[in-house]
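The values are calculated or read from the model by the stated rules, or taken from the named source; none is laboratory data. As the structure is a computational prediction, the values presented were derived from the model and not from experiment. Methodologically, a virtual Cβ is constructed for each residue, glycine included, from the backbone with ideal geometry; neighbour enumeration extends over all protein chains shown. Areas reflect the complete protein model, heavy atoms only, side chains present, ligands, DNA and RNA absent. Shrake-Rupley method; radii C 1.70, N 1.55, O 1.52, S 1.80 Å.
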Amino acid sequence: MKVSFSAGIAVLIALAVVAGGWLVRPRALELEAARTGDAKLQAYIDQHFDLPGHRLQVVVIGDNSMTFAGRGANEHSPFEIGSVSKAITGLLLADSVRRGEVKLDQQVGTLLPLGDAEAATATLEDLATHYSGLPRTATKPLAVARSLLTSLNAGNPYPYDVDELISQAKADAGGRGEPAYSNVGGALLGQALARKAGKSYPNLLRERILQPLEMQETHVPTTEAQAAPEGYSSGGRKEAPWIQDGYAPAGGIVSSAGDLSLLLQSLLRGTGVDALAPRRDFEEGDRIGLFWLTSPLTGTDRKMVWHNGGTGGYRSFVGLDLDRKRAVVVLSDVAADVDEFATELLASQ
Amino acid sequence: MRYFAVALAIGYPLIALWQLHTRKLRDRLDLLVVLAAGFLFLLFARATTDWHALPPWLWLIGLVLMAAATAYSGWVWPHLSWLRSDRPRSRAVSGGIQLFIAAALMALLV
């Protein structure tokens with residue numbers, strides 16, 4: 001009797017485990033059914049997008065045209081754009097240089113209170129080309145622990161303010177001379193430009209990029225209410241929005257496909273294009289300008305200027321073919337890389 | 001490394017089933033710790049695996065195996081005492097800490 005009672009309880013618990021596990025199981029997400037935009041571009045998505053997806057927005061941009069297509073989203077829908085924020089910070093740097101506020105060979109220590117830390121001697125160009133020697137993410141033990149924790153609980157790994165960012169950069173020293181992708185360096189550069197202009201980074205962004213281009217759906221969220229909707233991991237787990245203050249210049253911007261299209265179209269028309277020009281060698285044979293990468297456009301003899309981005313629950317890609325005056329934007333609220341899809345789309349134009 | 005968490009989520013319940021079947025577990029505390037670790041590894045795999053690179057049904061194998069281990073423990077349970085140790089107090093504290101840590105991590109991972 002004792003055996004059958006405990007066995008019965010255990011079987012019931014096991015059934016509850018299966019039911020609960022089924023509810024939280026990782027799953028292959030599929031694109032939402034609701035379609036928006038151009039039918040031909042929708043057909044392209046049908047034929048070529050074979051990734052886990054949920055909300056998706058795709059744009060093909062010419063110097064006088066924009067073609068949108070989306071699933072569960074339209075050109076006004078908010079997406080976290082992750083490190084595409086760095087590419088925008090690169091445009092801000094080029095603008096600040098044009099205004100005579102800063103020079104590319106200026107050391108960041110002249111703009112931010114970095115003391116005698118090794119990071120202080122990195123030039124703005126070092127930061128914008130990932131040659132600063134700073135690590136990808138902060139290496140202070142508490143920051144590492146937090147990063148590990150947030151990777152487990154689908155949280156925000158970059159909740160730090162500007163002072164904390166500076167403190168992390170001061171603690172991080174590294175050999176200079178080889179390119180090494182750095183979120184710390186990208187964030188530091190954006191905050192240095194803001195400090196020089198006497199504004200916050202969100203205000204600098206708004207005044208110098210967003211307002212001139214009438215990008216009204218782009219902002220740096222500082223609260224949950226301003227954040228983009230929760231995205232998903234590649235396995236379908238909901239991921240918290242990445243609300244960033246200090247790290248906003250490296251990955252904290254929320255935007256829409258419509259706004260990013262305005263930005264890319266202005267670049268196709270030649271505005272601010274100096275930020276895109278390659279300056280140094282980067283990883284895997286690529287070249288890098290002010291954060292903007294230049295690579296061969298797969299399947300063609302042309303080049304592509306691009307940047308991608310990722311947060312806990314989002315992926316993004318912007319790419320330009322300056323020869324053909326074509327650009328693409330791909331935004332997804334699932335953390336599965338869209339680079340290959342976007343590159344093929346750009347090559348097919 | 002990419003497949004480590006999934007291997008753990010599937011492999012560990014197999015070890016748990018073997019331990020149950022061969023009566024390797026010392027006591028009920030041991031059994032609870034083994035089951036808690038199994039569920040922790042399942043949640044760890046769910047959170048850290050790139051499920052675009054691996055088919056999500058692999059995780060369901062681990063889930064079914066853990067459910068089987070849970071059910072099987074019902075038959076083993078009456079044959080075990082709560083604590084079997086020369087120093088039951090320290091063993092209870094140690095087991096309690098392990099269960100607390102597992103519960104905290106599971107709460108984080110859900």
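Pairs meeting the criteria (first residue in region A:4-32 and within 9 Å of another protein chain (Cβ to nearest Cβ), second residue among the acidic types (Asp, Glu) and surrounded by fewer than 16 Cβ atoms within 10 Å (Cβ to Cβ), beta carbons under 9 Å, at least 6 apart or on different chains) are lacking. Among the residues of region B:71-84, write down those that are at the interface with chain A (Cβ under 7 Å from one of its Cβ atoms) and either more than 23 Å from A:Val17 (Cα to Cα) or touching a Phe, Trp or Tyr at 6+ places or on another chain (Cβ under 9 Å) (or both). Hits for region B:71-84 are B:Gly74, B:Pro78.
The condition of being open to solvent by 40 Å² or more (accessible area, probe 1.4 Å), touching a residue at least 60 places away in the same chain (Cβ under 8 Å), touching a helix residue (DSSP H, G or I) at 6+ places or on another chain (Cβ under 9 Å) and not hydroxyl-bearing (Ser, Thr, Tyr) does not hold for A:Arg237. If the condition is being open to solvent by less than 10 Å² (accessible area, probe 1.4 Å) and in contact with a helix residue (DSSP H, G or I) (Cβ under 6 Å, 6 or more places away or on another chain), then region A:59-87 contributes A:Val59, A:Ile61, A:Ala69, A:Gly82, A:Ser85, A:Lys86. Residues in region A:132-176 that are among the hydroxyl-bearing types (Ser, Thr, Tyr), within 22 Å of A:Trp292 (Cα to Cα) and open to solvent by 30 Å² or more (accessible area, probe 1.4 Å): A:Thr137 alone. For the criterion of being more than 14 Å from every other protein chain (Cβ to nearest Cβ), over 21 Å from A:Ser332 (Cα atoms) and not aromatic (Phe, Trp, Tyr), A:Pro296 passes.
Filtered by the rule that a residue be under 17 Å from A:Asp274 (Cβ atoms), under 21 Å from the mean Cα position of the chain (by Cα) and of a type in the set (D, E, K, R), region A:56-110 gives A:Lys86, A:Asp95. The residues of region A:206-223 that are open to solvent by 50 Å² or more (accessible area, probe 1.4 Å) and not in a helix (DSSP H, G or I), listed by number, are A:Gln211, A:Pro212, A:Glu214, A:Gln216, A:Glu217, A:His219, A:Thr222, A:Thr223.
Residues that are more than 19 Å from A:Ala87 (Cα to Cα), free of Cβ contacts under 8 Å to residues at least 24 places away in the same chain and of a type in the set (Gly, Ala, Ser) within region A:194-231 comprise A:Gly198, A:Ala225, listed in sequence order.
Table: residues versus (1) within 13 Å of chain A (Cβ to nearest Cβ); (2) open to solvent by 50 Å² or more (accessible area, probe 1.4 Å); (3) not basic (Lys, Arg).
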{"site": "B:Leu14", "(1), (2), (3)": "no, yes, yes"}
{"site": "B:Gln19", "(1), (2), (3)": "no, no, yes"}
{"site": "B:Gly38", "(1), (2), (3)": "yes, no, yes"}
{"site": "B:Gly62", "(1), (2), (3)": "yes, no, yes"}
{"site": "B:Ala67", "(1), (2), (3)": "yes, no, yes"}
{"site": "B:Pro88", "(1), (2), (3)": "no, yes, yes"}
{"site": "B:Val110", "(1), (2), (3)": "yes, yes, yes"}
